[in-house]
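The values are calculated or read from the model by the stated rules, or taken from the named source; none is laboratory data. These numbers were taken from a predicted model, which means no experiment stands behind them. Using ideal geometry, Cβ is built from the backbone for each residue, glycine included, and neighbour counts are taken over all protein chains shown.
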Amino acid sequence: MEEGGLEGFFEVFLRKDSVFFDKRVLQSSYIPETILHREEQTKQIANILAPALRGDKPSNIFVYGKTGTGKTLTTNHTTQKLMEIAERENIPLKVLYINCKLKRSTDTEYRLIAQLARELGKSIPPTGLPTEEVYKAFFRALNKQKQNHIIILDEIDQLINKTGDNALYNLTRLNENSNSQVSLIGISNNIMFVDNLDPRVRSSLSEEEIIFPPYNALQIQAILRQRAELTFNKGVLEQGVVEKCAAYAARDHGDARRALELLRVAGEIADRKDTKKITTDFVDEAEHKIDRDRIIDIVTTQPKQYQLVLYSIITLQPTRNNNIFTGEIYEVYKSLCNKTNTSILTQRRVSDIISEFDMIGIVNAKVISKGRYGRTRDISLEVPETTLHRIKNILEDSIRV
Ligand code: ADP
Ligand code: MG
């Protein structure tokens, strides 16, 4: 049993009156028995990979779609089934899965190749060898026996962000000098990322492309019902709860992960209130809580200069009834820098930081025309009143004012 899962189990055991029957079913590590509404994509992946069972090299695949559209689930499910047959029939085939979003193991080319070599049973020290040596060890492991390999690089755009496309370039050319065959499956939430790849890598990686479209509200409802059946005690779900979770998630971009999270948090709220019923009001509360946690998470992880800019906006907000100009923010920012012994960025740069905040949705920067006096920006915070205090404290702790 996986760690988080065990925790969920004990938690529910402790409170026998929980709305949850088995909370693990709503955790991200849970793998559902059947995958709904992804027959098309499953079939496509299966068709492309099947030749591996006859010893032929499958084409490389590029899988993309927004977060929570079932890419990881569907890909892993399909390769698992493939492996079951391969094992039963004694067909030499190996699937290696790496999630590039998980830190450490993929933040340098060295670490990625070392990780792959380790999956093939080589032990490679975490640092110290020349990268070339790590590649050699990896090639040796690949060639040890004539075998097909399928390497899944999940969240592959993160890999490129961290290390560039060198490793990917090398991986796509592997078959030129080895008797083992390697097929790649790259999975990404970000379609634009392929545009930044070396053209040779791009065409090689996307020999086949599979798109995961967002789920619509009805599809998400089906996914939620399937889980709700297993996770909750009988009769705790009030009319409309599943529909509301699905509607919120579909409004974002058809994100099943978000929908499942809403359902889980709504259940936790019911438990905290000890009501034994999950109502649609709890779904609204869950939506707010998730948003709030997201904002707090963003604020906490910003670099110091960003935190200083944000803190300046927060300080100005109460006195200014939501009309703050970049120039005023810059004045407050400069005095904060002086107070905290921080180097001062240019106003241009601070203005860019404000734009980034605008993009992630924690401030709203409206451009207003001042006629022949040019244009300026009217800036306001987009943080709910209830969260503001928390954020202020976090920032004060972090920048030491
Ligand atoms: P992605 O990799 O596209 O971001 P995931 O495959 O991780 O999305 O799916 C997100 C969550 O939604 C997971 O908990 C997964 O089990 C669930 N999920 C996604 N699609 C389905 C589906 N078609 N049927 C059942 N559960 C699904
Ligand atoms: Mg995924």
ask   = Consider ILE185 against the criteria (1) within 16 Å of ligand 2 (Cβ to nearest atom); (2) over 18 Å from LYS94 (Cα atoms): it satisfies all of them except one. Which criterion is unmet?
value = (2)
query = If the Cβ limit is 6 Å and pairs must be 6+ apart or interchain, which residue in region 90-119 that is under 18 Å from LYS136 (Cα atoms) pairs with which residue that is in a helix (DSSP H, G or I) and among the aromatic types (Phe, Trp, Tyr)?
reply = ILE113/TYR135; ILE113/PHE138; LEU116/PHE138; ALA117/PHE138
task = State which residue is farthest from SER59 (Cα to Cα) when the search covers only region 191-208 and only residues that are at pLDDT 85 or above, of a type outside the set (A, V, I, L, M) and surrounded by 14 or more Cβ atoms within 10 Å (Cβ to Cβ).
result = ASP198
key: Enumeration of residues in region 316-341 that are surrounded by 17 or more Cβ atoms within 10 Å (Cβ to Cβ) and among the polar types (S, T, N, Q)   = GLN317, THR326
remark   = Those residues of region 185-215 which are touching a Gly at 6+ places or on another chain (Cβ under 8 Å) and of a type in the set (Val, Ile, Thr) amount to ILE211
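Let's see how each residue does on (1) in contact with a Phe, Trp or Tyr (Cβ under 9 Å, 6 or more places away or on another chain); (2) part of a helix (DSSP H, G or I); (3) modelled with pLDDT of 95 or more:
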residue: LEU224; (1), (2), (3): no, yes, yes
residue: LEU230; (1), (2), (3): yes, yes, yes
residue: GLY254; (1), (2), (3): yes, no, no
residue: GLU261; (1), (2), (3): no, yes, yes
residue: ASP281; (1), (2), (3): no, yes, yes
key: Whichever residue in region 47-66 is away from ligand 2 (no atom under 14 Å from the Cβ) and among the aliphatic types (A, V, I, L, M) and, among such residues, is farthest from GLU155 (Cα to Cα)   = LEU53
request  = Please name all residue pairs, on different chains or six or more residues apart, with Cβ atoms under 7 Å, provided the first residue is in region 272-290 and is closer than 14 Å to ALA246 by Cα and the second residue is surrounded by fewer than 14 Cβ atoms within 10 Å (Cβ to Cβ).
outcome  = THR280/GLY240
ask   = From the list ASP358, ASP297, ASP291, ASP284, which residue is acidic (Asp, Glu) and crowded, with 16+ Cβ neighbours inside 10 Å?
value = ASP358
query = Which pairs have Cβ atoms under 8 Å, sit 6 or more apart or on different chains, and link a residue in region 216-239 that is under 17 Å from HIS37 (Cβ atoms) and touching a residue at least 60 places away in the same chain (Cβ under 8 Å) to one that is among the aliphatic types (A, V, I, L, M) and within 16 Å of ligand 2 (Cβ to nearest atom)?
reply = ILE223/ALA256; ILE223/ALA259; ILE223/LEU260; ARG227/LEU260
remark   = Restricting attention to region 153-186, the residues that are more than 16 Å from ligand 1 (Cβ to nearest atom), assigned to a helix (DSSP H, G or I) and of a type outside the set (Ser, Thr, Tyr) number exactly 12
message = Filter region 10-31 down to the residues that are away from ligand 2 (no atom under 16 Å from the Cβ) and assigned to a loop (DSSP other than H, G, I, E, B) and list them by number.
response = ARG15, LYS16, ASP17, SER18, VAL19, PHE21, ASP22
note = Of those in region 32-66 that are under 22 Å from PHE193 (Cβ atoms) and surrounded by fewer than 18 Cβ atoms within 10 Å (Cβ to Cβ), the residue farthest from the chain's Cα centre (by Cα) is SER59
task = Would you point out the residue of region 239-260, among those that are charged (D, E, K, R) and surrounded by fewer than 19 Cβ atoms within 10 Å (Cβ to Cβ), that is farthest from ligand 2 (Cβ to nearest atom)?
result = GLU243
task = Could you tell me whether THR34 is within 16 Å of ligand 2 (Cβ to nearest atom) and either part of a helix (DSSP H, G or I) or not aromatic (Phe, Trp, Tyr) (or both)?
result = no
task = Quick one: in region 300-315, of everything that is in contact with a helix residue (DSSP H, G or I) (Cβ under 9 Å, 6 or more places away or on another chain) and free of Cβ contacts under 8 Å to residues at least 60 places away in the same chain, which residue is surrounded by the most Cβ atoms within 10 Å (Cβ to Cβ)?
result = VAL309
request  = Looking only at region 67-107, count how many residues are away from ligand 2 (no atom under 11 Å from the Cβ), charged (D, E, K, R), surrounded by fewer than 18 Cβ atoms within 10 Å (Cβ to Cβ) and not in a helix (DSSP H, G or I).
outcome  = 3
Residue match in region 295-318 (condition: within 24 Å of SER398 (Cβ to Cβ) and acidic (Asp, Glu)) = yes
message = For the structure I just gave you, tell me whether LYS162 is surrounded by fewer than 18 Cβ atoms within 10 Å (Cβ to Cβ) and under 30 Å from ILE91 (Cα atoms).
response = no
query = Would region 196-218 turn up any residue that is under 23 Å from the mean Cα position of the chain (by Cα), farther than 30 Å from ASP165 by Cα and in a helix (DSSP H, G or I)?
reply = yes
ask   = Are any of the residues in region 133-154 within 15 Å of ARG111 (Cα to Cα) and in contact with an Asp or Glu (Cβ under 7 Å, 6 or more places away or on another chain)?
value = no
